[in-house]
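Here's the structure we're looking at; comments come further down.
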Number of protein chains: 2
Amino acid sequence: MRRTRVCELFGIDYPIIQAGMIWVSGGRLASAASEAGALGLIGAGSMTPELLRHHIRKARSLTAKPFGVNLPILYRHAEEMVPIILEEKIPVVFTSGGSPKTYTRRFKDAGCVVVHVTSTPTLARKCEDAGVDAVVAEGFEAGGHNGRDELTSFVLIPQVVDAVKIPVIAAGGIADGRGVAAAIALGADGVQVGSRFVASEEASCHPDFKKAVLNAGSEDTFLVLKSLVPVRLIKNDFCRRAMDAETRGARKESLSELLGHGRAQLGMYDGDLAEGELEIGQVSGMINEILPAAEIIHRLREGYEATLRHLG
Amino acid sequence: MRRTRVCELFGIDYPIIQAGMIWVSGGRLASAASEAGALGLIGAGSMTPELLRHHIRKARSLTAKPFGVNLPILYRHAEEMVPIILEEKIPVVFTSGGSPKTYTRRFKDAGCVVVHVTSTPTLARKCEDAGVDAVVAEGFEAGGHNGRDELTSFVLIPQVVDAVKIPVIAAGGIADGRGVAAAIALGADGVQVGSRFVASEEASCHPDFKKAVLNAGSEDTFLVLKSLVPVRLIKNDFCRRAMDAETRGARKESLSELLGHGRAQLGMYDGDLAEGELEIGQVSGMINEILPAAEIIHRLREGYEATLRHLG
């Protein structure tokens, strides 16, 4: 697999990023992904600041290779996370949600590489103006929180590539080597893979959530809670109630009440498959096996090479 | 550009299909696409049976190469169209909407190649069981009528490829050679391109609709009327009223009243950019020039070759 600008930027072997995912990617998964030549990301958005420090140190004890942290800007602990990330000398920070201006300067001044997640070409240009080193272009098919304009990976990737000069990392819908090759064909410099790593041995989520991902077919997710923050979930009891409420025209306040608090933890970490939020991408229909992170990365690379041979 | 199973099936030079589009693809566009080595399709869904016959004969007067007809199964004139298609000895029929069982046997018995449009792997398998020769896998980003499960091209194409043995034609989000290469990387045997041909010299729609497509940015379309038949439109006055009604939880009956009759003609053929339905894909943000159909096909091929060289 050919090296790209993304490999140079992060100091990694392959242009593959394991997405930072709440309740899923702690130090164990991130270190396994980095150790296998990709970039592992710790998902800070479900941790307390002290737990983030614990996971960073755990990852460092498991690999000498670079790994990063994903920091959701609107997370209630975000501000407290910044000094921890800086003290622990994390080389790469992915920020998501909110304005790319919020933390880019502070992290860049400390020598971090900064990447921001975008869902439109317009936002990608704002990220470039804010001084980030690269952008993630994340399509409508992605799991978890999602943009309001519903641009899919197929149309988002080339338009972000045309809109900015900095490297573009494609995300949303990629679970095998065909997807990696398609993203590179559309102009991406690398890929961020989330859902596929949920069904990894090292993911810290509940085993029942992993099984739910294996069982989910291609038509089993939906983007809901659009007037709050749109989120793609497996269609379980909770998701169907949210879908029904939206069809009935429920207002923001009543959706917020329906959602309540702690549903992501309830579903993904505690394993309540009926009432919890089960964040996963449309690509779940292509995920049928729990694998070690290193094997997932190996298969992405092998599948990519096989696809290039097929394209001939 | 390498020949694929789709070239053999249709007797064409390049695995590119110009989508059959209401109010857009008459005999002039279809013959131009076929004459340039692709497969042109006449969109029967906005014609009277006699007008279809007129367009078929017009196309035949303009090219000796094969072209086809797209027949929306639920169209009120569909049944009357069948004998005309058979009498005129059309070699390829694309059916869309409704059950693939409806007409496949009749067309196959008469020697036609039959293709059905699908939006899920499950429906693709039903098409194969019904005896069609190929399927179109059309993603959420596509313009016009769309599936309810909202699967995007990026996840739909490989899952349909894995689900069936017959050739798979990718549709939705393809307007340049990068998109063609990505679709082939995901396993497709060919591509169906719609929106890009709306902005062609030979398209029969209103010039002001073509200009609206050039002006539409990447965030300017939305999928609306989901409880009727979901349709992707440019966000004009009518589309925004439909979006607002859906946010308020409008029922099917009131959406149907809001839609009324003849809005597609009003927008795309009569050129009422405020009140008509303007059916176009998310890829409209990448379309900036009205070109002859032959030049569009030339650029798709050149861009595909350039992408393969880039993939190296």
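Find the residue count for region A:114-141, including only residues that are within 17 Å of the chain's Cα centre (by Cα), hydroxyl-bearing (Ser, Thr, Tyr) and not in a loop (DSSP other than H, G, I, E, B).
1
In the set A:202, A:219, which member is of a type in the set (D, E, K, R), assigned to a loop (DSSP other than H, G, I, E, B) and more than 11 Å from every other protein chain (Cβ to nearest Cβ)? I'd like the intermediate steps shown before the answer.
Numbers: A:219 fails: more than 11 Å from every other protein chain (Cβ to nearest Cβ).
After ruling out the rest, the residue left standing is A:202.
Write out, first by first residue and then by second, each pair whose Cβ atoms fall under 7 Å of each other, whose residues are 6+ apart or on separate chains, and whose first residue, in region A:227-242, is modelled with pLDDT under 95 while the second is among the charged types (D, E, K, R) and outside any loop (DSSP other than H, G, I, E, B).
Pairs found: A:227/A:252; A:228/A:252.
Filter region A:90-147 down to the residues that are among the charged types (D, E, K, R) and either more than 14 Å from chain B (Cβ to nearest Cβ) or within 30 Å of residue B:120 (Cβ to Cβ) (or both) and list them by number. Before you say what the answer is, go through the steps one by one.
To start, the set of residues in region A:90-147 that are among the charged types (D, E, K, R) comprises A:101, A:105-106, A:108-109, A:125-126, A:128-129, A:133, A:138, A:141.
Within region A:90-147, A:101, A:105, A:106, A:108, A:109, A:128, A:129, A:133, A:138, A:141 qualify.
Within region A:155-178, how many residues are crowded, with 22+ Cβ neighbours inside 10 Å, in contact with a helix residue (DSSP H, G or I) (Cβ under 7 Å, 6 or more places away or on another chain) and within 24 Å of residue A:199 (Cα to Cα)?
So the count comes out to 8.
Just one of the numbered conditions (1) without any contact (Cβ under 8 Å) to a residue 60 or more places away in the chain; (2) touching a helix residue (DSSP H, G or I) at 6+ places or on another chain (Cβ under 6 Å); (3) within 14 Å of another protein chain (Cβ to nearest Cβ) is not true of residue A:196; which one?
Exception for residue A:196: condition (1).
Which numbered condition trips up residue A:159, out of (1) among the polar types (S, T, N, Q); (2) within 25 Å of residue A:22 (Cα to Cα); (3) outside any strand (DSSP E or B)?
Unmet for residue A:159, out of (1) among the polar types (S, T, N, Q); (2) within 25 Å of residue A:22 (Cα to Cα); (3) outside any strand (DSSP E or B): (2).
Note down all Cβ pairs under 7 Å where the first residue falls in region A:263-289 and is within 14 Å of another protein chain (Cβ to nearest Cβ), the second is surrounded by fewer than 20 Cβ atoms within 10 Å (Cβ to Cβ) and aliphatic (A, V, I, L, M), and they're at least six residues apart or on different chains.
Sorted first by the residue in region A:263-289, then by its partner, the pairs are A:287/A:214; A:288/A:214.
Given (1) of a type outside the set (D, E, K, R); (2) crowded, with 20+ Cβ neighbours inside 10 Å; (3) touching a residue at least 40 places away in the same chain (Cβ under 8 Å), where does residue B:214 come up short, assuming only one miss?
(2)
Of A:83, A:66, A:91, which residue is surrounded by fewer than 24 Cβ atoms within 10 Å (Cβ to Cβ), more than 26 Å from residue A:182 (Cα to Cα) and touching a residue at least 60 places away in the same chain (Cβ under 8 Å)? Steps first, please.
Values: A:83 fails: touching a residue at least 60 places away in the same chain (Cβ under 8 Å); A:66 fails: touching a residue at least 60 places away in the same chain (Cβ under 8 Å).
It is A:91.
What helices (runs of 4 or more DSSP H) completely inside region A:45-113 contain at least 1 residues that are of a type in the set (Phe, Trp, Tyr) and not assigned by TED's automatic domain parsing to the domain that holds residue A:143?
On the way: elements: A:49-62, A:78-87, A:101-109.
No helices (runs of 4 or more DSSP H) qualify here.
The values are calculated or read from the model by the stated rules, or taken from the named source; none is laboratory data. Only a predicted model underlies this, so the values are computations on that prediction, with no experimental measurement involved. No Cβ is skipped: glycine too gets one built from the backbone with ideal geometry, and neighbour counts run over all protein chains shown.
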